Each structure stands twice: as C-alpha cells, then as structure tokens.
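First up is the structure itself, then whatever we jot down about it.
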Amino acid sequence: MKRIYTVSQAREADVRTSQLHKIPGLVLMERAALSVSDYIEDKYAKRTRILCLAGTGNNGGDAMALCRILFVRGFDVSYCLLGPESRLSESAKIQYQSLLSYGLSSLAVEETDFKSFDLIVDGIFGIGLSRDIQHPLAELIGEVNASGRPVIAMDIPSGLNADTGAVMGACIRASETFSFQFLKPGILLGQGRSVCGQVHLPEIGIDAIETGATLPVCLALEREDLDGFLTDRDATGNKGSFGKVLVVAGSEEICGAAVLSSQAALLSGAGMVRVYTHEKNRTVIGTAFPEALITTYGNSWSKDEIKEAMDWADSILIGPGIGRSDQAREMLDFVLSDPALPAVIDADALNLLSEEPNSLLKPHGKWILTPHMGEMARLTGKGISWLKEHALEAAETFARDYQVDLILKDATTVTALPCGRTYLNSSGNSGMATAGSGDVLAGLCAGYLAQKINPEEVAAYAVFIHGMAGDLAAAKKGKGAMIAGDILEALPQITRDGGAIVAV
Ligand SMILES: NC(=O)C1=CN([C@@H]2O[C@H](COP(=O)(O)OP(=O)(O)OC[C@H]3O[C@@H](n4cnc5c(N)ncnc54)[C@H](OP(=O)(O)O)[C@@H]3O)[C@@H](O)[C@H]2O)[C@@H](O)CC1
Ligand SMILES: Nc1ncnc2c1ncn2[C@@H]1O[C@H](COP(=O)(O)OP(=O)(O)O)[C@@H](O)[C@H]1O
Ligand SMILES: [K+]
C-alpha cells in the first residue's frame, strides 16, 4: 500500500523529519538527487547530453544537486537556472554555489536549444507551485514539450497542481516522474496520469507523519495488498454460508444492468444471488443468468415480498436500471428504512436520492454509494468541472457528512470512508469507460459485502479488483473493443495462488 501525501502533509513530514531526527533539508535534497542520478546512471550512457532545468526553489535545488552528482560521475551535463540568484531558496543557493565551485555556470536559457540534448530534467517547480505559470516560463515549458526529448520530472511535473492534478497555466509532459518518498494526489488525479509518465517512488528518508482526524490518510492499493483480502474458502461451507445478495435492479424498459450486476455479485464468490426486478425481465435474466434466483413485480410491488427477500439477504444492491418512477422511489425508501442490511446504492437509486439527499442522514449501517461524476454532481449540486478539480475533497466531505463509503468513479476513482481514510485507485484503463462497467463494480461490492470480507475496506478493494479485471480485459480485447461483459469474464482470472492473488 502506498501513502499519498497532500502538499501540506508532505511539508509536515519534511519538517518533522528535520526537527525530530535533526536531518537537515540539504541531506534530504542530496538523497532525492542521488536516487535520480543512480537511475540515470543505470539507464543512460555517459555520453548522454543532459540538461537540468532549475527553478529558484528547492525543486531547483534538487535539479542542481543532480547536475553536480552527474557531473562528478562523468556525465555530459549542463543546467539552466530559471530566475535571479537573489530569489534562490537557502538550499538552492548552496547547490548553485557548489556548481559554480566546479566551474559550472548556468546556460542562458534564451540561447539554449532543447533539441540538442538527449535528456531533460525538470526541476522548475515542485510542490511549491502556488499560482498559474505565465510568460515566459509557460512558453519555455511548451518548447520543452515540443522538443520531443525524454523528460524526467523531479517530484512532480512542473505546472501540475500536486493536490488536484489540475494544470496550472502550462505543464511539463514528463516521461518519468520521481515523486520523493510519497505519492501526491495530483499524480493520480486530474491530468496527472497523462503528464507524469512512469512514476518512481524513491525512499529518501522522510518520516511518515502520524495522521489523525485533521490529516486523513490517503492510500493507493497495490496488487500485493490483495493477498490478505480474499481468505480461503471454507472447505465445509455451503451456498448459504458464502453470502446471499439481493439485487434490486432493472425496470420495465431496462434489463441489462440487472444481469451484469447480479452476475458480478455471484462471481465475487457469493453463494447465492436473488434478483428483484420487473416481471418483463424474467425470461431474459433467466436465460442470460440461469444461476440467479428471480423474484418479480408487476404494476405494483409488494412490501411483504421485498421484506422477505431482504430478511434472506446478507447484503443488498439497489439501483442499476431501476429508473426514476414513483414505484422505484417507493422501493428505495422501503429498502433504506432497514438500517441493519449492508447496502450498495448505485445508478438510478443515486439519482432518486439526489432529489432528497437528507434521506441519507437517517440512521444506517454500512452503505456504499457508487456515483460517477454526473451522479455526484446531482447529489451535491456542484458542477462536474469543479468536482473533477476537487475530487478528493468532495469525496471526503460527502463520506464524512453522510457517514457512508463513497466511491467516486472516474479515470482515477476516489474511495472515501467516513473514518477519514481515502483511497485513490491505480488499476484500470480507459477501456472501462463502456456501458455497464459500473454495474459490474456495484455487483462486486455487494458480493464482497455479503461475504463479510473486510467490510471496512471492501469498497476500495472492490474498485481495485474491478480495475484489475478491466486491465485483463483490455489486454485480451483491446481498450477500444472491450465491453462490460469482458470485465465480468476476466473476474475469475483474478484468483488465489498459494495465498497470493494473481492475475493470470
Ligand atoms: N523540504 C524538503 O525537505 C525537501 C524538498 N524537496 C524538494 O523541494 C520542493 C519544494 O520546494 P519549495 O517549497 O522551495 O517549492 P518549489 O516547488 O521549488 O517552488 C517554489 C518557488 O517557486 C515560485 N513559484 C511558485 N509558483 C510560481 C509560478 N506560478 N510562477 C513563478 N514562480 C512561482 C515561488 O515563488 P513565490 O510563490 O514565493 O513567489 C518559489 O520561489 C519539492 O517539490 C521537492 O522537489 C526535496 O529536496 C526533498 C526534501
Ligand atoms: N479512463 C478510465 N480509466 C479507468 N477507469 C475508468 C475510466 N473511465 C471509466 N472508468 C471506470 O469505469 C466505470 C464506469 O462506470 P459508470 O460510469 O457507472 O458506467 P455505467 O453507468 O455505464 O455502468 C467506473 O468504475 C470508472 O471508474
Ligand atoms: K518538477
């Protein structure tokens, strides 16, 4: 599991390390530069022409320290200092003076042809970027990007907001990013994934900070974390003991969502799935998914029937394809009046809730909400572009205010828990932007909930596994051709192998 630190958390960790362990910032800077120079030495020949672009802050200090180390190691390296000497931070000034002592002075940037270098190092801005980049640096960044040369970004590509992933005026498009010690949210959110390239996380000796109510922990799951998630299936278990899922899905006009979500619930390992749907769907669901139990309603639905199904179930999923009719609203109200049943609330159920979000405030147990950005916009009244720039904050606030697990689906899905812990998902790909993909995720969540597998963290793990299945589907079919059924089909490939879950 990787830690993700916001700018203020990264700064707090730096200060803490310096104060508690008496390690000066210069030592951390040296280690940051060493981690990149070791990498360059492994990957590039000594004749490689390298240009380090250095701003006046500590990010520039990192780049100048790197320039010195590479020079001492025999590389053909130069640097451009992008700003007056008078603006240099304390540590950057020391790095600059050290370079001068080796006889290395800064190239004049206006006379520098970026194309004449084989590798460019971006140390213009790091986490200290505080406003939009403007002329002339914005044009310079454009020229670096247009040069077509590989770029290694120190800490974060210059111009990327480290907290949100928004591009601030202009942004370096890096082929590789060395994020020192901790990931930053902006590397995964917003434009981060498209401008960071391959991300490295070198240890440079910064202490992890203790995090509490004021500092929520943000994490990224990795494949190894799944080892402890799915426990061995009890050899003596039966279909009743492996969890029963009630899926309230589909309506008179819509059927596919019910099939996809209920199949995902069963493929998660749950013992039984019962679909509660409109009678018109019985034949289609029975044919497409003969393993499902099916209970149907017609023009009117029966409270007794759905209550009986809820009493039977260990978890419920409500929403995919239920529409926004009065009937759907009544069913949703009834289902949510049972605080004991763990529930996944998806799709149309979220749209219905957005008409009266206060109903989320009534007492409840485990509720997982799975909005995409459009549904989140309706739930919160905020615009989609605002939400995209504030995904982390929006998800954390919603989870805390309504005491629900909030899965905010996007290219990088944010899962926020009411306790303050948040996950940014790193699996998955753009091929998953295909109709029905979200239904599969909702079914997975309900399936794991019914099995009572690590209920606290189940939402984040389901998102990660869903993304892994999407990656397998993309490998097999291609991102353009894969459909939600391919994600379903890939789920069984994520299997246990000697205690470790591996994608085969
Ligand atoms: N501390 C540690 O222990 C370690 C820290 N490390 C490194 O330090 C980095 C953080 O360094 P930092 O705080 O000095 O900020 P940095 O990103 O260099 O930029 C600040 C300068 O930019 C300026 N500026 C901002 N926006 C601007 C704009 N749009 N256009 C123009 N100017 C703008 C700003 O000016 P001001 O806002 O004050 O006017 C200031 O002069 C971090 O990312 C990592 O690489 C590593 O060495 C590991 C150990
Ligand atoms: N570019 C992308 N990269 C990774 N995952 C994506 C991307 N686009 C969409 N997804 C994932 O695909 C799923 C789409 O869900 P949703 O929008 O609810 O689809 P639907 O309503 O059609 O089922 C979500 O889990 C989302 O995180
Ligand atoms: K940078």
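The values are calculated or read from the model by the stated rules, or taken from the named source; none is laboratory data. Bear in mind that the values here come from a model prediction, so they are computed numbers and not experimental data. Here Cβ is always computed from backbone atoms with ideal geometry, including for glycine, and neighbour counts include all displayed protein chains.
Laid out as a table, the results:
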| read-out | value |
| --- | --- |
| Single residue of 191, 198 found to be within 16 Å of ligand 2 (Cβ to nearest atom) and polar (S, T, N, Q) | 191 |
| All positions within segment 11-39 that are out of contact with any strand residue (DSSP E or B) (no Cβ under 8 Å at 6 or more places or on another chain) and either of a type in the set (Ser, Thr, Tyr) or not assigned by TED's automatic domain parsing to the domain that holds residue 50 (or both) | 17, 18, 37 |
| Single condition residue 1 does not satisfy, out of (1) surrounded by 22 or more Cβ atoms within 10 Å (Cβ to Cβ); (2) outside the structural domain of residue 105 (by TED's automatic domain parsing) | (1) |
| Qualifying positions in segment 109-159 - part of a strand (DSSP E or B) and within 11 Å of ligand 1 (Cβ to nearest atom) | 122, 123, 153, 154 |
| Enumerated helices (runs of 4 or more DSSP H) restricted to segment 181-284, each holding at least 3 residues that are within 16 Å of the chain's Cα centre (by Cα) | 185-188, 192-195 |
| So residue 293, is it farther than 19 Å from residue 348 by Cβ, surrounded by fewer than 20 Cβ atoms within 10 Å (Cβ to Cβ), in contact (Cβ under 8 Å) with a residue 60 or more places away in the chain and aliphatic (A, V, I, L, M) | no |
| Some residue of segment 40-55 being of a type in the set (Ser, Thr, Tyr), surrounded by fewer than 22 Cβ atoms within 10 Å (Cβ to Cβ) and more than 16 Å from ligand 2 (Cβ to nearest atom) | yes |
| Residue match in segment 421-437 (condition: within 18 Å of the chain's Cα centre (by Cα), under 30 Å from residue 232 (Cα atoms) and either among the hydrophobic types (A, V, I, L, M, F, W, C) or within 16 Å of ligand 3 (Cβ to nearest atom) (or both)) | yes |
| Hey, residue 335 among the β-branched types (Val, Ile, Thr) and surrounded by 17 or more Cβ atoms within 10 Å (Cβ to Cβ) or not | yes |
| Meets criteria (part of a helix (DSSP H, G or I) and surrounded by fewer than 15 Cβ atoms within 10 Å (Cβ to Cβ)) for residue 91 | no |
| Verdict on residue 474 being more than 8 Å from ligand 2 (Cβ to nearest atom) and crowded, with 24+ Cβ neighbours inside 10 Å | no |
| Any hit, segment 152-160, residues being small (Gly, Ala, Ser) and farther than 16 Å from residue 54 by Cβ | no |
| Among (1) more than 16 Å from ligand 3 (Cβ to nearest atom); (2) modelled with pLDDT under 95; (3) out of contact with any Ser or Thr (no Cβ under 6 Å at 6 or more places or on another chain), the one test that residue 10 misses | (1) |
| Qualifying residue in segment 97-120 (condition: within 13 Å of ligand 3 (Cβ to nearest atom) and touching a residue at least 60 places away in the same chain (Cβ under 8 Å)) | yes |
| Top-ranked residue of segment 57-103 - restricted to ones that are within 27 Å of residue 47 (Cβ to Cβ) and among the basic types (Lys, Arg), ranked as nearest to ligand 1 (Cβ to nearest atom) | 68 |
| Condition check for residue 57: within 16 Å of ligand 3 (Cβ to nearest atom), of a type outside the set (Phe, Trp, Tyr) and at positive phi | no |
| One residue from 421, 400 being of a type in the set (Lys, Arg), surrounded by fewer than 21 Cβ atoms within 10 Å (Cβ to Cβ) and in contact (Cβ under 8 Å) with a residue 60 or more places away in the chain | 421 |
| Options 433, 503, 481; residue that is surrounded by fewer than 21 Cβ atoms within 10 Å (Cβ to Cβ), at pLDDT below 95 and under 24 Å from residue 193 (Cβ atoms) | 503 |
| Output for segment 439-468, where each listed residue is over 14 Å from residue 265 (Cβ atoms) and in a helix (DSSP H, G or I) | 459, 460, 461, 463, 464, 467, 468 |
| Selection count, segment 162-180, where residues are touching a residue at least 60 places away in the same chain (Cβ under 8 Å) and either of a type in the set (Lys, Arg) or within 11 Å of ligand 1 (Cβ to nearest atom) (or both) | 3 |
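Residue-by-condition table, conditions (1) β-branched (Val, Ile, Thr); (2) surrounded by fewer than 23 Cβ atoms within 10 Å (Cβ to Cβ); (3) more than 9 Å from ligand 3 (Cβ to nearest atom):
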residue	(1), (2), (3)
126	no, no, no
134	no, yes, yes
140	no, yes, yes
149	no, yes, yes
159	no, no, no
165	no, no, yes
